[in-house]
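Notes follow the structure.
The values are calculated or read from the model by the stated rules, or taken from the named source; none is laboratory data. Note that this is a predicted model, so its numbers are computed, not measured. Backbone-built Cβ (ideal geometry, glycine too); neighbour counts: all protein chains shown. Only protein heavy atoms, including side chains, enter the accessible area calculation; ligands, DNA and RNA are left aside. Shrake-Rupley method; radii C 1.70, N 1.55, O 1.52, S 1.80 Å.
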There are 2 protein chains.
Amino acid sequence: MYITGMILHPIAIADPPLRSSYGLHAPYALRTIVELKTSDGITGIAETYGGEGPLEGLEAARPHVIGMDPFQLTRLFRQLAGGGEVAADVAGGRSQTYLVPGENPLDRPNRTFAAIEVACLDIIGKAVGKPVCDLLGGRARDEVSYSAYLFYKHAGGGGLGDDAREDEFGEVLDPASTVRECRQMVDQYGFREIKLKGGVLDPDTEIATIRALREEFGAAYPLRIDPNCAWGIETSIQVGRALRQELSDGGYLEDPCATLEGMGEVRRRLLEEGNDTPLASNVAVTHFADLTTARDLDAVQIVLSDPHYWGGLRQLQALARVCEVLRMGLSMHSNSHLGVSLMAMTHAAAASPHLTYACDTHYPWQTATDEVVAGGRIQFVNGCVRIPDTPGLGVELDYDQVARGRERYEKIPFRKRDDEAEMRKHVDPNWRRILPRW
Amino acid sequence: MYITGMILHPIAIADPPLRSSYGLHAPYALRTIVELKTSDGITGIAETYGGEGPLEGLEAARPHVIGMDPFQLTRLFRQLAGGGEVAADVAGGRSQTYLVPGENPLDRPNRTFAAIEVACLDIIGKAVGKPVCDLLGGRARDEVSYSAYLFYKHAGGGGLGDDAREDEFGEVLDPASTVRECRQMVDQYGFREIKLKGGVLDPDTEIATIRALREEFGAAYPLRIDPNCAWGIETSIQVGRALRQELSDGGYLEDPCATLEGMGEVRRRLLEEGNDTPLASNVAVTHFADLTTARDLDAVQIVLSDPHYWGGLRQLQALARVCEVLRMGLSMHSNSHLGVSLMAMTHAAAASPHLTYACDTHYPWQTATDEVVAGGRIQFVNGCVRIPDTPGLGVELDYDQVARGRERYEKIPFRKRDDEAEMRKHVDPNWRRILPRW
């Protein structure tokens, strides 16, 4: 069995006006659906970052992918990494701090490989009659827990023109509306951990938001806040001090400030106060090369994995094991995505014994109108996605929906995520991302 | 497909009178051949440590193994580790320093699991039509390089009574005979790296042996010496100093003294002299829990993996990745073994991109008379074993040979490896293992 074809579907999906320290989400998020066809007539699918950059990366991989045996993934990983040893891969640090996810050129080989690997695992699963997680040593769990991913946001929904759609959450720019947003999400999906994307309002309002969430949901719902490096060291310490109680019991403080050195200082000074709120990161640690530095500085106690940019499901398993050895916790990062990515994330999480927190997902921010999975949206029960019994990822494409996504992509001007530009267009013509802002 | 039967074959194989700091090899080494049968009529095989202890471990696993889906290995790993999280597995340190391989009770769950995992991977490979290494992400190499594993030894060969057999190497108890032994082995197998098991003669003689090997074979044949902790810190430093030149260029000093603290001091003092001979270990680091300590003390620069006691092929891959992240080299430990183990080691090594040295193997010390692999001994070309195109491990059992091995096992009194007892029986009635001896 070998790969005979690779079809790339660039699609656009409506995305509400979500805010973060990066700026404002555009009315559409971009994704790429990957189909690989084999000589045995099997189709494997994957979903990854969208727009021109990721498409270029995948196109560049095409000569390596066509003709390959889908089992020979290590070889492909090396080819995409430039023909060198995988060891070269851990030699140089790289940071995501100043780049929106999916746009870090240093991660491109890993992102490209991850999409191909997922589609190959889907192929292998279908050929063998096993779910993807069981190809990776066997599942450590039958269902994967996700968190309620709260955003401050403007009113109105995603999409443009005829395609514009209100979302069900309305404007969320203060503590009370965030509690309402969370209640809607918890009621609908059953989430049992809560993440607030911060770095948007002034720190006191964000502290008040977390306190309001704790008051409403109680200690049974662990809380995490992620300002995406919007705070300086002093502000990070002040917030950590103010939220000591609220972020304990299974919560964490994610990327309060930029750089591992900064995080290390925040950690050291909080510990001096007897405050051991763990610090998590998905921007200061995006690569195996960052892990020992993070440990040596005690800068990061929880790593956010993500199969999309860590290099796929097996790399995520390796990351989980490294974190276990380094006595670090593991959670999972998310980007705007549809059901194919959700299933890849779920299989990755199911196949990684060491996963110590509910995973993040943007899934509640997307809708059935844009879902490309046949049969519609993936169901959550008690905040969890269950591994289906079906071979492979367990989902198939709805080709009409893929075609609609492609049409949308063709119609819109966006080819790259640029949250700063959106912020200038809709909120403040002079806005730019400043780190630290507070 | 599920496991319907587990057949354990305790076998004995002739072993020459090899010496190490543990004492003297008995006339027979003990192994266990494992067969798993499936509902689909597939048989998977594995080879592991022998004697009563390992058999008990495997028997205790039987209720978990019968009825299991061979893909659900993570679940079995947890069951054998006592039902806890895999995380528990890295919580406590454990050392092999004072125990012969295969007899550390703390490693038993990992050893038991490894044998089952290898047989399950053999089953899956046969079901899927792929070699084992390609089930693990795909091979990083098509052939695996092994080292010439030299021992000081007495004359005569292995076996007892009618079954006694001279070996081709004769007595090897000085530098000149070791060079001769090495020449025989290199000529026959094509090895391109050389390991001397030391800790047997006085350190000056062992230094002279390494120098004689370097003189005979030149710098193109990297040299390693492993006294199994027979030296104190001062002696370790003296040997490291004396062999600085000879152990450079791809060689290493393995377990010169006991404990990570001891190794760390040897390393620090050698570095002070500008001597960066790397230290390797398979006794101070036998478990994931040891890795961070080893790194923090800079005690070990090269870890010796071994799928038999590190918990199988996927655990070995994880170890390789952890070592890569910790900037440690990776080699592979060996014990007396036959062709089934050799193939498991070869698949493990093929599936681990980060493998920086030729693997150790005792294979030249066993003979066709005892080989249980159908078709006879595995072939080495230029010191390498090639991954066969056949699905699974790529070898099948010769059941007549297995039966002979079982008969031998029944006839002999040995049920546990005890090199000290052999030493007292044949060399010195008062001998006991003293660490450090020098």
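Using only the alpha-carbon atoms, what does segment A:138-393 span along each of its principal axes? Please give whole angstrom values in decreasing order.
53, 43, 33
Explain nothing, just the number: dipole magnitude of chain A about its Cα centre with +1 on each Lys and Arg Cβ and -1 on each Asp and Glu Cβ, in debye rounded to the nearest 20.
Around 560 debye, computed over chain A.
Which residues of segment A:118-139 end up with at least 10 Å² less accessible area in the presence of all protein chains than when their chain stands alone, using a 1.4 Å probe?
Residues losing area: A:V128, A:K130, A:D134, A:L135, A:L136, A:G137, A:G138, A:R139.
Take every DSSP beta bridge with both residues inside chain A and express the antiparallel ones as a percent of the total, to the nearest 5. Each step should come with its number before you reach the end.
On the way: 27 of 47 bridges.
Rounded to the nearest five, the antiparallel share is 55 percent.
Kindly give the distances from B:A368 to its copy-mates, label point to label point, with each label point 7 Å from Cα along Cα→Cβ, as nm values to one decimal ordered shortest first.
Label point to label point, same position, other copies: 7.2 nm.
How far, in nm, would the chain grow between B:D202 and B:E261 when pulled straight, counting 0.36 nm per residue and subtracting the alpha carbon separation?
18.9 nm
Based on the Cβ-Cβ distance of B:L271 and A:E272, what FRET efficiency does E = 1/(1 + (r/R0)^6) give at R0 = 41 Å, to the nearest 0.05? Could the numbers behind the result be given before it?
Values: r = 33 Å, r/R0 = 0.81.
Calculated transfer efficiency: 0.80.
What's the total accessible area buried between chains B and A, using a 1.4 Å probe, rounded to the nearest 100 Å²? Write down the numbers at each step before the final one.
Working: alone 15960 and 15940 Å², together 28470 Å².
Buried surface at the B/A interface: approximately 3400 Å².
Return, ordered by residue number, the residues of segment B:221-236 whose backbone nitrogen is under 18 Å from a label point located 7 Å along Cα→Cβ of B:R437.
Only B:225-236 pass the distance filter.
May I ask for the distance between the Cα centers of segment A:18-75 and segment B:13-49, given as a whole number of Å?
Using only Cα atoms, the two centres lie 46 Å from each other.
When only the heavy atoms of the protein chains count and the probe is 1.4 Å, how do A:V65, B:V128 rank by accessible area, highest first?
Descending order: B:V128, A:V65.
Just the number please: accessible area per residue for segment A:259-348, 1.4 Å probe, all protein chains included, in Å². Please list the in-between numbers first.
On the way: 1810 Å² over 90 residues.
Solvent-accessible surface per residue comes out at 20 Å².
Pulled fully out, how much extra length does the chain show between A:E410 and A:H426, if you take 0.36 nm times their separation in residues and subtract their Cα-Cα distance?
3.5 nm
Determine one quarter of the surface area of the Cα convex hull of segment B:360-435, which equals its mean projected area, and express it in nm² to one decimal.
Answer in nm², one decimal: 8.1.
In square nanometres and to one decimal, what's the mean projected area of the convex hull around the Cα atoms of segment A:232-351? Display every interim value, and only then the final one.
Working: hull surface 30.1 nm².
So the Cα hull casts an average projection of 7.5 nm².
Take the residue pairs B:K197/B:K425; A:K130/A:K411; B:K37/B:K416; B:K130/B:K153 and return only those whose Cα atoms are more than 31 Å apart. Don't skip to the end; give the middle numbers.
Details: B:K197/B:K425 21 Å; A:K130/A:K411 39 Å; B:K37/B:K416 27 Å; B:K130/B:K153 41 Å.
Too far apart for the 31 Å limit: A:K130/A:K411; B:K130/B:K153.
Roughly how many Å² of B:W365 are accessible to a 1.4 Å probe, to the nearest 10?
The accessible area comes out at roughly 10 Å².
With +1 on each Lys and Arg Cβ and -1 on each Asp and Glu Cβ, how big is the dipole of segment B:138-393 about its Cα centre, in debye rounded to the nearest 20?
Details: 23 positive and 37 negative charges, 162 e Å.
The calculation lands at about 780 debye.
Find the relative contact order for chain B and round it to a whole percent, using C-alpha pairs within less than 8 Å whose residues are 6+ positions apart.
Reported as a whole number, the value is 23 percent.
Across all directions of projection, what mean area in square nanometres is found for the Cα convex hull of the protein assembly as shown?
Convex hull of Cα atoms, orientation-averaged projection: 35.3 nm².
List the residues of segment A:295-334 whose accessible area drops by at least 10 Å² when all protein chains are present, compared with their chain alone, using a 1.4 Å probe and counting only protein heavy atoms.
Those residues are A:R295, A:D296, A:R314, A:Q315, A:A318, A:R321, A:V322, A:E324, A:V325, A:L326, A:R327.
Report the normalised scattering of chain A as log10 I(q)/I(0) at q = 0.07, 0.13 Å⁻¹, calculated by the Debye formula with identical scatterers on the alpha carbons.
-0.31, -1.16
Using a 1.4 Å probe over the heavy atoms of the protein chains, calculate the carbon and sulfur portion of the accessible area of segment A:138-393 as a whole percent.
Carbon and sulfur together cover 47 percent of it.
Toward the positive end of the charge dipole of chain A, about the Cα centre and with charges on Cβ (Lys, Arg +1; Asp, Glu -1), which of A:L80, A:T97, A:G53 goes farthest?
It is A:L80.
Over 10 Å intervals from 0, what percent of Cα-Cα pairs in segment A:359-403 sits in each interval?
The distribution over segment A:359-403 is 23, 54, 23, 0, given as percents.
Please compute the contact order of segment B:194-251 in relative form: average sequence separation of alpha-carbon pairs under 8 Å and at least six residues apart, divided by the residue count, as a percent.
47
Assign unit charges at the C-beta atoms only (+1 for Lys and Arg, -1 for Asp and Glu), then state the dipole size of segment A:47-203 relative to its Cα centre in Debye, rounded to the nearest 20.
600
Let me have the 222 nm mean residue ellipticity of chain B computed from DSSP H runs of 4+ only, each contributing -39500 (n - 2.57), with the sum over all residues rounded to the nearest 500.
Values: 13 runs with 155 residues, N = 438.
The per-residue figure over chain B is -11000 deg cm²/dmol.
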